[in-house]
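**Student:** I have a structure here, written as structure tokens, and I will follow up with some questions on it.
The values are calculated or read from the model by the stated rules, or taken from the named source; none is laboratory data. What you see is a predicted model, and the numbers here were worked out from it, not measured in a lab.
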Amino acid sequence: MRFVSPMTKRRLVLCLRNDGYIYQVVPDRDAATHHQLRVVDESGEDYLYPAAFFAPIALPVALRRAVLAAV
């Protein structure tokens with residue numbers, strides 16, 4: 001698993017293939033050039049997935065904090 005600095009703005013995405021689960025994205029420029037996202041799954045490990053499987057989401061601050069505390 002890659003270390004994500006607390007200073008890095010954590011991006012959240014909604015999975016379109018898995019009943020709407022919300023995941024954290026780890027920045028990966030190489031993956032992006034191949035239309036993929038590096039996503040941290042339920043195990044805490046990060047894996048590459050097709051970017052088309054996800055939609056970016058913006059949440060109100062309080063909800064975002066709650067979601068980030070849970071992922």
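**Student:** If you go through segment 10-27 one residue at a time, how many are within 11 Å of the chain's Cα centre (by Cα) and either basic (Lys, Arg) or in a loop (DSSP other than H, G, I, E, B) (or both)?
**Tutor:** First, the residues of segment 10-27 that are within 11 Å of the chain's Cα centre (by Cα): 10-15, 21-27.
Keeping just the survivors that are either basic (Lys, Arg) or in a loop (DSSP other than H, G, I, E, B) (or both) gives 10-11, 21, 27.
Counting residues in segment 10-27 that are within 11 Å of the chain's Cα centre (by Cα) and either basic (Lys, Arg) or in a loop (DSSP other than H, G, I, E, B) (or both) gives 4.
**Student:** For residues that are hydrophobic (A, V, I, L, M, F, W, C) and assigned to a strand (DSSP E or B), scanning just segment 28-51, find the one that is nearest to Ala66 (Cα to Cα).
**Tutor:** Val40
**Student:** I need the full set of residues from segment 1-21 which are over 15 Å from Leu63 (Cα atoms) and either among the β-branched types (Val, Ile, Thr) or at pLDDT 50 or above (or both), in order please.
**Tutor:** Taking segment 1-21 first, the residues over 15 Å from Leu63 (Cα atoms) are 1-9, 15-20.
Hits for segment 1-21 are Val4, Thr8, Lys9, Cys15, Leu16, Arg17, Asn18, Asp19, Gly20.
**Student:** Among the residues of segment 56-71, which ones are in a helix (DSSP H, G or I), of a type outside the set (A, V, I, L, M, F, W, C) and at pLDDT 90 or above?
**Tutor:** Pass one, segment 56-71, residues in a helix (DSSP H, G or I): 61-70.
Filter once more, so that each one left must be of a type outside the set (A, V, I, L, M, F, W, C): 64-65.
Those that are in a helix (DSSP H, G or I), of a type outside the set (A, V, I, L, M, F, W, C) and at pLDDT 90 or above: none in segment 56-71.
**Student:** Tally up the residues in segment 30-44 that are charged (D, E, K, R) and at pLDDT 95 or above, please. Break it down stepwise before answering.
**Tutor:** The initial filter retains those residues of segment 30-44 that are charged (D, E, K, R), namely 30, 38, 41-42.
Filter once more, so that each one left must be at pLDDT 95 or above: 30, 38.
So the count comes out to 2.
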